[in-house]
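Since the structure comes first, as C-alpha cells, the remarks are kept for the end.
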Amino acid sequence: MSIQSQQGQNDPERPLLSSSSLSTSSRASYGVVTDSRTKVVGLGSGIDGNALSRNEGDVTHGESFDNVPQVKRQLGLFSAIILIFNRVIGTGIFATPSVILRTSGSVGVAFLMWLLGACIAAVGTAVYIELGTGLPRSGGEKNYLEFMYRRPNFLVTCAYSIYAVITGSAAANSIVFGEYLLHALALPPTRWTTRIAAFLCLTFVLIMHGVFLKAGIKLQNSLGLFKLVILSVVAISGILCLLGVFEVQEGYEKPDNLRWEKMWEGSRFEANAFVTGLYNVIWSFVGYQTANYALSEIRDPIRTIKRAAPIAMCGVTVVYLLVNLAYYAVVSKEDILGGKRVVAALFFRNLFGEKTERALSLFIALSTLGNLLSGQFSQGRVVQELGREGLLPYSSFFASNKPFDAPFAGLFTQYVVSCAFALGVSPGDAYLFMISLSSYSSAIINTLVSIGLLLLYTKLPPFRSYEWNPPFQAPRLVTVLFCISSLFLVILPMVPPKKGTKTYESLPYWSHVLTAYAVSLIGLTYWYIQTKWLPRRRRYKLVREWVLQDDGVSRYVFRKLAC
C-alpha cells in the first residue's frame, strides 16, 4: 500500500507549511511543492495566527517558512554567532596544535595545515548557508536529505534518525569536562570520579536548556564571550612576548620557532603524515552548521544565518591562527614535541609559572561546558524535528515543547544516550571506537548532503522539478570542493595505518567504518516494516495530516485507513 497525504496531497516530504505560509514566488524560490487543499487540524487552543511572524510571506526573512510563532524565535544575530563559535571551539585548540606539529614536522607546515583547514571550513560554511537559506527550518541535514532524496518515501528520514542519535552524543566532551574540572579542584581524576563529573555536567546541561531555556541561552552566550576573552588574552600575550614586552620565565627554554629558516626545519611532506595532520585540523573546525539545526528559533533566519555563520567562522579562524602563533612564540618546538602535557599548559607555565596550570584546567573545563551547551541545544532540536515528521514511535512526545516550553524530550533523548556512553563504555578501544563512529557518521552525512546539492544543480530528472533556487547560492566550485573534502573524510579511515601504528589496540582499524554503515540498517528495517510490510499485511494505507498541537508546535500525524 502506498503512503498518501490527506486531501490529495501527493508529496509527503513537503516541509510543514500551511497554504498561506508563503507567497507563490516564495514557494518557487524555495523549491517547495505545495497544495492549497492542505488540511490543518487543530489539537487544542493552539496559537493565534496573528502571533506568527510579522514578516509573513516575505522571502527575505524566511520566518514564514515554518509555522513557528514569533514569540518562540528567541535567538538573534549575537546568539546565533555564539552558538556556532561555542560549538566549534571546544578543547581542540588546547591540545591539537602539538599533534599537528608532530605530523607536519615543522612550524611552517603546521601553519599551512591550519590555513588549509580554514579554507575547507569556509567552503563548508558557504554550502550550509545555501542550504539554510533554502530550507530555513530547524533540523539541519534531516531537512536537506529529505528534500534531495525523496524516493522511496520516508526512507531517508528513518535512516538518518539513527545517525542523528549517534552524532549527537556528548559523552566524549562531558568526560573531558570531568577530567579538567577535577584537575582544577585538585581531586584525583579516577575513572569513576571523572564519569560522575561527566554525568553531573550532562544533567546540568539538560536542566538549563530543557527547563530554564532563557537562562540556558544566557549562560551559553556568557561562556562563549568568556572563551573569546581568554583566547584573546592568550593571543595578545604571545604577541607581546614576540615584541619583548613579556619574557619566558627563567628555567624554561626560550623558543626560536618563528624565524623564517627555523620555521621549515624538519618539514615532512609524506602523504600519510600530511593527510593525518589535515584530518585533525578539519575536525577542529567542525560545527559551522550548528545554527542550521535551530533555524526555527532564530529571528529573521535567512538574513541572520548569512551574517552569523561567516562572522563566527572568521572569528574562529583568527583565534586559531593567533593562538597557534602565541604558542610558538612562547614554547620551544622541542618542548611541544617532547612534552606530555597539552601545549596550552606549557604556554601558561612558560609565561606565568606552574601555579597557573589549575586556572588553565578550569578554563578548559568551562570552554568544554560552553561547547556542550551549544551542541546539546542544537541536537535537541534535531530530535524534535524527527518527531514532527510523525513517522517515528512516540512522535507527539518528541515533537512537543511541554512542559517547559522547550524541546525537553529531544534533549532528554540525547541526555540518555550520552550518559549511557559516558558511564557504560570502558576506556581504551571501546571509547575511541564511539568517538570515531560519531565522527565517521558525520562524514557520511556531509558526503550525502554535498552530492545531493550537486544533483540539485543538474538538469536531470527528477531534480529539475525541485526548482532549487535559494536566496543565497554558493559558487559551484565551492560545492565541488566541499564534496571532495567530505569524501576525503569518508575514504581516509578505510586506508590501512602505516606499519608500526595501530588505530585500536585490539579492534580492526575499519571497525567503526563498518559499524557506521551497518547501523543505518536499523532505520531501513524500521522503514520497511512500518511503511511497506505492515500496511500490506494488515490491508491499510497510511495517510498523513498536518496538525497544530496545543503547545504551538505543528507536526505531521499518520492515520491508518482500511483499503
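Of all DSSP beta bridges confined to the chain, the antiparallel ones make up roughly 60%. For the stretch 472-560, the list of trypsin sites (Lys or Arg not before Pro) that fall in a loop by DSSP and count at most 13 other C-beta atoms within 10 angstrom reads Lys498, Lys499, Lys502, Arg539.
Of the accessible area of the chain, computed with a 1.4 Å probe over protein heavy atoms only, carbon and sulfur atoms account for 65 percent. Taking 0.36 nm per residue of separation and subtracting the current Cα-Cα distance, fully stretching the chain between Lys541 and Ser511 would add 6.8 nm. Rounded to whole Å, the principal axis extents of the Cα atoms in the stretch 396-512 read 53, 49, 22, largest first. The Cα atoms of the stretch 57-193 give a gyration tensor whose axes a ≥ b ≥ c have a/c of 1.5 or more with a/b greater than b/c, which makes the shape prolate.
Averaging the Cα positions of each part gives two centres, and for the stretch 500-563 and the stretch 364-412 these lie 18 Å apart.
Solvent exposure of the stretch 216-316, expressed per residue, is 48 Å² of accessible area, with all protein chains present and a 1.4 angstrom probe.
Compared with the dominant principal axis of the Cα atoms in the chain, helix 343-352 is inclined by about 50°. Relative to the longest principal axis of the Cα atoms of the chain, helix 171-184 runs at roughly 40 degrees. Measuring against 30 Å, Cα to Cα, the residue pairs Lys306/Lys541; Lys333/Lys499; Lys142/Lys459 contain Lys306/Lys541 as the ones spanning a longer distance.
Rg and Dmax of the stretch 446-563, both derived from C-alpha coordinates alone, stand at 21.5, 64 Å.
Summarising the amide proton neighbourhood of Ser554: residues at separation of 5 or more, or on other chains, whose placed amide H is nearer than 5 Å comprise Gln549. Out of these labelled values of semi-axes √(5λ) of the Cα gyration tensor in Å, [x] 50, 28, 24; [y] 43, 24, 23; [z] 46, 23, 22, which was calculated from the coordinates shown here? Among [x] 50, 28, 24; [y] 43, 24, 23; [z] 46, 23, 22, the one derived from this structure is [y]. Taking the C-alpha atoms only, the angle from helix 77-88 to the longest principal axis of the chain is near 60 degrees. Between the exposed loop cleavage positions of the chain, defined as chymotrypsin sites (Phe, Trp or Tyr not before Pro) in a non-H, G, I, E, B DSSP state with at most 11 neighbouring beta-carbon atoms within 10 angstrom, the longest gap is 1-268.
The values are calculated or read from the model by the stated rules, or taken from the named source; none is laboratory data. Quantities reported herein were computed from a predicted structural model and do not represent experimental measurements. In this analysis, Cβ positions are derived from the backbone assuming ideal geometry, glycine residues included, and neighbour counts consider all displayed protein chains. Note: accessible area is taken over every heavy atom of the protein model, side chains too, but ligands, DNA and RNA are not part of it. Shrake-Rupley method; radii C 1.70, N 1.55, O 1.52, S 1.80 Å.
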